[in-house]
Amino acid sequence: MQEEEQGAEYLEDENQESTAPEAEVPAEEPHVTDPEEPVEADEEPRRLRRFLFWTVGLLVLFALGVVAAWFLQIQPMREENRSLRTDLADAWQRVESLSSEVERLQPLEAQNEALEEQVAQLESHIFLLDVLVDVSKAQIALVEENPIAAENALQGTVERLQQLQERLSADDAETTVRGMSERLALAQEELETDEFAARRDLEILANNLIALEKLLFGE
């Protein structure tokens, strides 16, 4: 009996506990965040984006400046440098060509100098023969007793003797030609006063001319 009473009490206690109102569980308070925390968290990505934007912009500007400098300065300078190299190569080719031409012409230059010397000797010989012809004409005129014709024959003889003297380099030849000029002037004066003396002086002059010709030209 006692056990049944204890079991009934136990059941009553359980029913009372089950019907008892449940204790209220305190609700968790909402987490209140600091209003400055999200602003600072958003500000850093913005700064990073702005930094990257300006960095990219500066790089783009720098690249554009390099491209502009290339087209405006470097490229024309390269073209000018290429043109100068081409001109320099052409100049070297011309120098080499001229050097070859000079080497080829050097023997001809020596021959030309020899020819010029021969021409000078030939001109001197011609002037000497012209003087001798003038004197011979004057002698013939005096033999024919024609002093006027003799004077006419000697009109250009003084000038020919001067030209002959300018072409002769030897001092003795110049002295000889100077003495001939003096003898000619004396003969011209004597044509009007003393034909005999004029003949003698013209003969001496002719002999001197023949001797000079043999001395200078071996004839």
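Only the coordinates and a few stated rules stand behind these numbers; no lab work does. Quick caveat, the model's predicted, so the values are computed rather than measured. Glycine gets a Cβ as well: all are built from the backbone with ideal geometry, and neighbour counts include every protein chain shown.
Using only the C-alpha atoms, the convex hull of the range 117-217 corresponds to 77 Å³ per residue. In a fully extended conformation the segment linking Arg85 and Gln155 would gain 18.4 nm over its present Cα-Cα distance, using 0.36 nm per residue.
Size of the dipole of the range 117-217 about the Cα centre, Lys and Arg at +1 and Asp and Glu at -1 on the beta carbon, nothing else charged, in debye to 20?
Numbers: 8 positive and 21 negative charges, 56 e Å.
The calculation lands at about 260 debye.
The mean sequence separation of alpha-carbon pairs under 8 Å and at least six residues apart, normalised by the residue count of the range 117-217, gives a relative contact order of 31 percent. Residue-wise HN-Hα couplings along the range 195-201, as the Karplus relation 6.51 cos²θ - 1.76 cosθ + 1.60 with θ = phi - 60° gives them from phi, are 5, 5, 5, 5, 4, 4, 5 Hz; Gly and Pro carry x.
Calculated FRET efficiency, Arg200 to Gln162, Cβ-Cβ distance, R0 = 30 Å: about 0.80 to the nearest 0.05.
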